[in-house]
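Asker: Mind looking over this structure? Questions follow.
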Amino acid sequence: MDTKFILLLISLIILFGYFAEWVFRKFSIPDTLILLSIGFILGPSVLNLLNIGSLQYIAPIFTTFTLLFLMFDGALYIDLKSFANGLGSGIMIGLWNFTLSAAIITAILYYLNYDLLTAVFIGFTLGGITSAYVIPILKQLNINKKIFTIMTIESSITDVLSIVFALTVMQLKLAHKIQAGTIFSNIASLFAIASLTGVISGVVWFSIEGTIIKEDENYIMMIAYVVLTYIITEYLGGNGAIATLFLGLILANSKTVKSFGRLIKKSRKKEENQKPIVSKREKLFYKEISFFLKTFFFVYIGLLLNLKNMEAVIIGSVISVSLMLIRPISSILTKKYEFFDRKLINSLFARGIAPAVIVLIASSNGIIKDKTIIDVVYFVITMSIILSSIKVFLYKYKLKNALKNKK
């Protein structure tokens, strides 16, 4: 493909991304719908300007970086108090929704005569919501910090649960045996290593920022450091994306962490005179990077959509609608929250990065050979994003009217 043509496509996609955000702010029409449509039009189903096969080497790198960076960027908007208040609720809601979603998907596929292991595998693969959708949407809505924290934690924990449980079932399919405690010990290990590595990385950055780097202009170096934290955590056997979440959390609350840890014994300054580690300018820069990643991620998901496989479309539609219908059951755990906070939580059920990565691994290893089941996963990702976006649109519309009526 011609280099100039590729550059033209990139520039147009970015411009459409900004246009889509403007549409969302102006008319409350979710930008994700526009981006998905662009990907679908550019893909093999319509214009065939971009071939999915040519992206197979770039896709794993891109999706992984998108996940870890969005986790880091989202954490920069969470304070420790909100994190402490929302941690338990986020984990509880995440576990509840993941278990319920996985069970429903497994039941649907098993009823449709798929073998039990395949049904369970896809159930776990599509069990969790995606940070790539949830975090950008929450930042656009400007909601209260506690709900932001709860949903960020839910999306991060369910991403991990999807990967761990699905990969464990893959091992089962290959080896035909697995120890009962393996799954839960793996999850505990992933979180323990990730949280510890993320916190240590944040503390180490304090020292680097205060000695080696004394200027505010270290944005690119910070991105490199985030990637390094991810790599080290994965090497140690933890979840790198969770580690970047904790790194962002520590940096966002640098004043509080420094005062608690007494990290500056020799040159103590009054807390109010200390500059935050992450400045407003830096947050703005990271916001632009997140926008870039989010834009191309949803265009990429649109590329994967295959409407020619009607069996996949029907099964995917049934699963997507089922996920939408069971999501409000989580209201059992959110009775104490405000009405519109509950509505928002029930609206965010889109699937995304984790399923795309898992299916990529499964298909490349020959574990999933049925093209229909792969198309089902991609269709559910797309359809759940569309349905969730519609729910978010209705939420924003009703909230706007409610605020008008109060006045």
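Asker: When the range 25-54 is examined, which residues are found to be modelled with pLDDT under 80 and within 18 Å of I10 (Cβ to Cβ)?
Answerer: N51, I52, S54
Asker: With the condition kept exactly as written, say whether any residue in the range 370-378 is exposed (fewer than 14 other Cβ atoms within 10 Å of the Cβ), more than 23 Å from the chain's Cα centre (by Cα) and more than 20 Å from N309 (Cβ to Cβ).
Answerer: no
Asker: Which one is farthest from S384 (Cα to Cα) among residues in the range 339-372 that are among the small types (G, A, S) and assigned to a helix (DSSP H, G or I)?
Answerer: Restricting to residues being among the small types (G, A, S) and assigned to a helix (DSSP H, G or I), the top hit is S364.
Asker: Still on this model: Pull up the range 270-325, narrow it to residues that are surrounded by fewer than 19 Cβ atoms within 10 Å (Cβ to Cβ) and of a type in the set (S, T, N, Q), then point me to the one that is modelled with the lowest pLDDT.
Answerer: Ranking the qualifying residues of the range 270-325, first place goes to N273.
Asker: Now for a different question. Which condition number does F19 fail, the rest of (1) within 23 Å of G248 (Cα to Cα); (2) in contact (Cβ under 8 Å) with a residue 12 or more places away in the chain; (3) among the hydrophobic types (A, V, I, L, M, F, W, C); (4) part of a helix (DSSP H, G or I) being met?
Answerer: Failed condition: (1).
Asker: Exactly one condition in (1) outside any helix (DSSP H, G or I); (2) at pLDDT 70 or above; (3) acidic (D, E) is false for E209; which is it?
Answerer: (1)
Asker: Checking the structure you have, find out if any residue of the range 79-89 is out of contact with any strand residue (DSSP E or B) (no Cβ under 7 Å at 6 or more places or on another chain) and under 30 Å from I367 (Cβ atoms).
Answerer: Checked the range 79-89: no residue is out of contact with any strand residue (DSSP E or B) (no Cβ under 7 Å at 6 or more places or on another chain) and under 30 Å from I367 (Cβ atoms).
Asker: Looking only at helices (runs of 4 or more DSSP H) that lie completely in the range 33-148, which have at least 2 residues being over 21 Å from the mean Cα position of the chain (by Cα) and buried (at least 18 other Cβ atoms within 10 Å of the Cβ)?
Answerer: By residue number, 80-111, 116-125.
Asker: Can you name the number of the only condition in (1) over 27 Å from F24 (Cβ atoms); (2) modelled with pLDDT of 90 or more; (3) surrounded by 18 or more Cβ atoms within 10 Å (Cβ to Cβ) that I358 fails?
Answerer: (2)
Asker: Right, another one. Looking only at the range 1-32, count every residue that is surrounded by 15 or more Cβ atoms within 10 Å (Cβ to Cβ), within 16 Å of L293 (Cα to Cα) and of a type in the set (S, T, Y) and tell me the total.
Answerer: Residues flagged as surrounded by 15 or more Cβ atoms within 10 Å (Cβ to Cβ), within 16 Å of L293 (Cα to Cα) and of a type in the set (S, T, Y) within the range 1-32 amount to 1.
Asker: Given the residues V257, V204, which is the only one that is more than 21 Å from S131 (Cα to Cα), modelled with pLDDT of 85 or more and either in contact with a strand residue (DSSP E or B) (Cβ under 6 Å, 6 or more places away or on another chain) or in a helix (DSSP H, G or I) (or both)?
Answerer: Just one listed residue meets the conditions, V204.
Asker: Could you list all residues from the range 226-244 that are of a type in the set (S, T, N, Q) and either under 17 Å from Y286 (Cβ atoms) or surrounded by fewer than 24 Cβ atoms within 10 Å (Cβ to Cβ) (or both)?
Answerer: T229, T244
The values are calculated or read from the model by the stated rules, or taken from the named source; none is laboratory data. Being a predicted model, the structure only gives us computed values, none of them experimental. Don't worry about glycine lacking a Cβ; one is built from the backbone with ideal geometry, like all the others, and counts go over all protein chains shown.
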